[in-house]
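For reference, the structure discussed in these notes is given below.
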Amino acid sequence: MRFTLPWLAEHLETEAGAEEIAAKLTALGLEVEEILDPGRALQGFTVARVLEARPHPNADRLKLCTVQTRDGIRQIVCGAPNARAGLWGVLATEGLVIPATGEVLRRAVIRGVESQGMLCSARELGLGDDHAGIIELEPEGLEVGMPAARALGLEGPVFVLKLTPNRADCFGVAGIARDLAAAGIGRLKSRDFRPVAAIGGPGPAIRLAFPEGAEGACPLFVGRMIRGVRNGRSPAWLRHRLEAVGLRPISALVDITNYVTFDLARPLHVFDADALAGDLVVRFARPGERLLALDGREYELDDGMIVIADATGPASLAGIIGGERTGVSEHTRNVLLEVALFDPLRIAATGRRLGVESEARTRFERGVDPELALPATEYATRLILDLCGGEPGPVIVAGAIPPRRPPLRFRTSQLSRLAGIALPPEEIRRILEALGFGVEGGPEIWSLAVPSWRQDVTTEACVVEELARLHGFERIPPVSVTRAAAVSPVVLSAEQRRRAAVRRSVAAQGLAEAVTWSFVHPEHAALFGGAAVRIENPLSSELSVLRASLLPGLLAAAARNLARKQEEGAIFELGPRFTGDQPGEQVWAVAGIRWGRAQPRHWAVPERPVDALDAKADALAALEAAGVRTEPLVTAPEPPPWYHPGRAGRLMLGPRTVALFGELHPAVLEAFDIEVPVVAFELDLDPLPKPKPRIGKARPPLEPLPFPPVDRDFAFLVDRDLPAQTLLEAVRAAEKKLLREVRLFDVYEGPGIPAGKKSLAVAVRLQAPDHTLSEAEIEAAVQRITSAVEKSCAAQLRR
């Protein structure tokens, strides 16, 4: 939100300067980001008059201008098509900094002719986008050498506010002035809202046509016909004021609507009444209807959007943008003024759906003052009559102003409970009445009539905030937080600690952590199963479904990296995935992907691509960090369809799947435009078995193993389709007392091995905690292992 100090002065009688006002606004919660002085950048720029403009001797598109300046006559080379004798413009001389570019102007020779300065366009001065020609000043009251800022009527200083969405009333200068007056910075003044007498007859009839139950889409529509207007250029004061806040003056009628929008936070619209066909109907758009808008774009409408239509179709997209067909021009003679009230949620949804940003939408979607519609109609009518002439017809009202909310009950005790301050009853009454509240009761319990422009005040906490900010947040005494114990208790839950451990473990595997959107493309979501939970107000159509898996976001990131020649990489994400559309239907998960080479190129290490075992190792590391014993895990086939069949699997803990890993299916990779193999793992953290809680806070004692271990290798002949995991489990079950480690170190099929068989070689480590193992103990353990494996796996020990 922007406004100027002279503009504020029309609403607030004050002697405070810009800096004091800015400090008070920020203290009130209306943060002032900066104060701009539009004339500061134009210091040194002056008014000059073109005496003669003749063709350049060496260039067809350039002119040699003889210019009268404060320092005498200068010769300036100019390429503007509007350069001519008698024109008054803005002169920049050698050494000045051009605001738009930041470049220092230097004397130059252009096509063999020296140019002793520059006649500036609006763009070069930073005053707009017009660069088709140099600025033409109106000669009345001008003098050669006059400062350009004064000649241009630049209004300032300009305040730039960063408003919170709840303060819809402060999207108008009047609302800002009201807060300042309540804070003691001046006296509030009111606009002239007296009714303007009707002269002519009414314009077209206006009808609200909404289905039963949807009347709130537009509860009030006020229209007024004004005949015989002259829509020309706005007066200088209005143009300069709009330009100061970043708006481009268009014509008097359009500028008036923009002016009232910023002045009162009350958007308006004017129709060229002669372009309307029949009566107006405010309704929902019909399927297939389209609107060519004032921005030159054509929009396809749907049945949730509010339109203002005539007999030929939509004439305006309510609360957002008007239609080109009924827009006003210099030929407009009769206008219909529209002042309406629209449902904020529908306006916001329509604006997002169509991608239209406008000052009207900004205010309507935050909520405008419903009781200001009729006063704003009178104020806008008076402005139109003053600047454009004409004869106003009677005010036509369709619908009604929504009833006010019931009084809000406020307890004085809430002020000390929530804000830590105590105010006397008379101060509470003064502050609230200054803000426009109707105040009854007290001193302990108050009945408050909330003003119509403060739709954000709905609870006692809101009232406390109003009292605290007007009293002054800086005046609230600081109070130290009372520490309940000498040592702060643990603030992280067991689940949070487990997630942190998993994050560190996966990162230690060499994967970089990524953070991706929780929303994905519907087509990508469909590739990974799960419930497709659609978002009602998505950021875009490509991010309209909640993710049921973390892999789509990671694959999209990998695709972007591959497109930038990052031919190898490893990333992971730990975050929620969604299993339904109800609260709580989500689980914390971790997933990771690898692509390209398994390790950087090195002369001592053979090069190989990533494979399913790399992803399995990542999954096992994550499970171990989560407190899951990995020894009992069994690898099973039949992965879900987004994995490559035969190159992926599941990690099972009993009958339950705890992790997925393997190479992703080529069809999935093709959907992301990935042409290299990618391996992945994924697991849900929430369903995993919880680690057993430790008794006490001390670490468990270290189990000493001072006596030497004994290593033995076994090679078993087994059926070709026997999983190695089955054999390892049989070894663990056979010797639980002395066994410290068992691992598979070789798989062999080939000469010397019968058909349908394979050789599995395992290394076993035996160790006793209290003595050195004897030969007899070792031999007995070896015999138990051999017998168990031969029995449970139908294996044969290779001699």
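Some points to look at:
- Å² per residue, accessible surface of the stretch 120-174 at 1.4 Å: 45
- Think of the chain as having a plus end and a minus end, set by charges on the Cβ of Lys, Arg, Asp and Glu; of A273, L415, G184, L415 sits farthest toward the positive end of this dipole.
- For R765 and C462, the FRET efficiency from 1/(1 + (r/R0)^6), where r spans their Cβ atoms and R0 equals 60 Å, is about 0.30.
- Computed extension gain for E136 through D386, at 0.36 nm per residue and net of the alpha carbon distance, reaches 87.4 nm.
- Inter-probe distance in nm under a simple model that places probes 7 Å from Cα toward Cβ, at K565 and A214: 5.5
- Under a model in which nothing but the beta-carbon of Lys, Arg (+1) and Asp, Glu (-1) is charged, the chain shows a dipole of about 1480 debye around its Cα centre.
- Across the stretch 767-774, rounded Karplus estimates of 3J(HN,Hα) from the backbone phi angles (6.51 cos²θ - 1.76 cosθ + 1.60, θ = phi - 60°) give 6, 9, x, 10, 6, 7, 5, 8 Hz, Gly and Pro being marked x.
- The trypsin sites (Lys or Arg not before Pro) of the stretch 477-559 that meet both conditions, a loop assignment by DSSP and at most 10 other Cβ atoms within 10 Å of the site Cβ, are R483.
- Label point distance in nm, E427-E103, each placed 7 Å from Cα along Cα→Cβ: 6.0
- Segment I401-L797, extension gain: residue separation times 0.36 nm, minus the distance between their alpha carbons: 133.3 nm
- Whole-percent carbon and sulfur share, accessible surface of the stretch 412-471, 1.4 Å: 53
- Furthest towards positive pole of dipole, A570, L294, A108, structure part the chain, Cβ charges: A570
- Where Rh is the Kirkwood radius over Cα pairs, Rg/Rh for the stretch 172-256: 1.07
- Under Karplus coefficients 6.51, -1.76 and 1.60, residue-wise ³J(HN,Hα) of the stretch 515-520 in Hz, glycine/proline x: 10, 10, 4, 7, 10, 9
- Computed from Cα positions, the angle between helix 724-734 and the longest principal axis of the chain comes to roughly 60 degrees.
- Taking Cα centre as origin and charging only the Cβ of basic (Lys, Arg, +1) and acidic (Asp, Glu, -1) residues, the dipole magnitude of the stretch 128-176 rounds to 460 debye.
- Between L492 and R712, the simple label model (points 7 Å from Cα in the Cβ direction) yields a spacing of 4.3 nm.
- For the chain, the fraction of C-alpha pairs more than 46 angstrom apart is 52%.
- The loop-placed chymotrypsin sites (Phe, Trp or Tyr not before Pro) in the stretch 427-536, going by DSSP, that have at most 14 neighbouring Cβ atoms within 10 Å of their Cβ come out as W517.
- Applying 1/(1 + (r/R0)^6) with r as the Cβ-Cβ distance of M146 and S447 and R0 = 56 angstrom yields a FRET efficiency of 0.40.
- For the stretch 175-296, the fraction of 1.4 Å probe accessible surface lying on carbon and sulfur atoms is 52 percent.
- In the stretch 600-746, the portion of solvent-accessible area held by carbon and sulfur atoms comes to 57 percent [1.4 Å probe, whole percent, DNA, RNA and ligands not counted].
- Leading residue at positive end of dipole, the stretch 634-696 (Cβ point charges), from P641, V676, A659: A659
- Computed over every Cα-Cα pair of the stretch 83-218 and binned at 5 Å starting from 0, the pair-distance distribution P(r) comes out as 2, 7, 9, 11, 11, 8, 9, 11, 11, 7, 5, 4, 3, 1, 0, 0 percent.
- Couplings for the stretch 739-755, taken from phi via the Karplus curve 6.51 cos²θ - 1.76 cosθ + 1.60 with θ = phi - 60°, read 6, 10, 7, 9, 8, 7, 10, 7, 10, 9, 9, x, x, x, 10, x, 4 Hz in order; Gly and Pro are left as x.
- Spatially, the stretch 357-403 and the stretch 551-603 are offset by 53 Å when compared through their Cα centroids.
- Annotation note: GluC sites (Glu not before Pro) in the stretch 609-691 located in DSSP loop regions with a Cβ neighbour count of at most 13 within 10 Å are E675.
- One chain, two ends: E675 and F745. Fully extended at 0.36 nm per residue, the span grows by 21.9 nm beyond their Cα-Cα distance.
- Packing-based order for 166-173, 279-286, 294-301, 100-107, using average beta carbon neighbours within 10 Å, highest first: 166-173, 279-286, 294-301, 100-107
- Structure note, pairs K737/K757; K616/K690; K690/K758; K616/K758; K616/K737: Cα-Cα distances above 27 angstrom occur for K737/K757; K690/K758; K616/K737.
The values are calculated or read from the model by the stated rules, or taken from the named source; none is laboratory data. This one's a predicted model, so the numbers in the text were calculated from it and none came from an experiment. In this analysis, Cβ positions are derived from the backbone assuming ideal geometry, glycine residues included, and neighbour counts consider all displayed protein chains. Accessible surface is based on the protein model in full, side chains and every heavy atom, while ligands, DNA and RNA are left aside. Shrake-Rupley method; radii C 1.70, N 1.55, O 1.52, S 1.80 Å.
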